[in-house]
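Here is the structure we will look at, set down as structure tokens.
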Amino acid sequence: MRRLFATLVILCACSVPAQADLVQTIARVKPAVVAIGTVLPTRNPTHVFRGTGFVVADGLTVITNAHVVPRAPELAAKEQLIVLAQIEGKPQLRPARIAMVDLEHDLLALRITGQPLPTLEVGDAASVKEGMEVAFTGFPLGMALGMRPVTHRGIISAITPVATRAQGARNLSAKSIEKLRSQFSIFQLDATAYPGNSGSPLFDPETGAVYGVINSVFVKFTKENAIKDPSGITYVIPSNFIRELMERLNSQAGQ
């Protein structure tokens, strides 16, 4: 019994640092996570939030999914892109503009104005392995649950190609062949993300380094069903594509 008790004490002690690391990491990550939406004075509600983003580089660049941000033809007259940041616990709206788009990987960079915000480091996706513990912070279901960032954690359950291979040669078409040529690997999580989590940073629980961007959330029928019966399938765009997007943005700025 003494040996068993000693073993349990050791195991419990070993688990405490990991939990403590995540607590500290969340405190560092949350100030760099923003909600993304639009404002239109003649609309009710005037502010509509569509997803999540996170601040990188100089504190004025925000990374998110391309599908989260409406393009100019989709915006109504006098509708403005905005991000909602938390400055010392107080909400602050910042005007935003589209700076760079990567439609192939569903990524987009926004530029905001004002004082630089806290930033996250973009890590190396090549270091990610199946079974690794990860976490992500964002705004699940957006305004429905209140505009406070929420953190989920899980593991990398698979690293898999985003393209689906055709079953047999007779099913191959020019379009499917092109997809096979341009396929890339994405991360699959065992943690459930919700609408509004699109664009959330996936990060290392210990260091806070960003390994990717939450992307696809499969929802059945309605938002209510998303709460009651989520599919549990969550995909992540690896961080190497974020780095490429930022390099393109830097090159454009230097021209």
Name the long-range amide H neighbours of Asp190: under 5 Å, sequence gap of 5 or more, or other chain; modelled H, no Pro or chain starts.
Ile155, Ser157
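Hand me the GluC sites (Glu not before Pro) from the stretch 86-158 located in a DSSP loop with no more than 15 other Cβ atoms within 10 Å, in residue order please. All intermediate terms of the calculation are to be shown ahead of the outcome.
Working: sites: Glu88, Glu104, Glu121, Glu130, Glu133; in loops: Glu88, Glu104, Glu121, Glu130.
Those that pass, being in a loop and sparsely packed, are Glu88, Glu104, Glu121, Glu130.
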Provide the per residue accessible area, probe 1.4 Å, for the stretch 44-115, rounded to a whole number of square angstrom.
47
Quick query: amide H of Ala209 versus all other amide H atoms, modeled in the peptide plane; which residues come in under 5 Å with a sequence gap of 5 or more or a different chain?
Asp204
Scoring only Lys, Arg, Asp and Glu (+1, +1, -1, -1) among other residues with Cβ under 9 Å from the Cβ of Gly154 yields -1
Amide H within-cut-off set for Val34, under 5 Å, with H built and near neighbours excluded:
Gly53, Phe54, Val55
Within the accessible area of the stretch 42-107 (1.4 Å probe), percent carbon and sulfur
57
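The values are calculated or read from the model by the stated rules, or taken from the named source; none is laboratory data. Since we're looking at a predicted model, the values are computed, not measured. Note that we place each Cβ from the backbone using ideal geometry, even for glycine, and neighbour counts take in every protein chain shown. Keep in mind that these areas ignore ligands, DNA and RNA; they rest on the heavy atoms of the full protein, side chains included. Shrake-Rupley method; radii C 1.70, N 1.55, O 1.52, S 1.80 Å.
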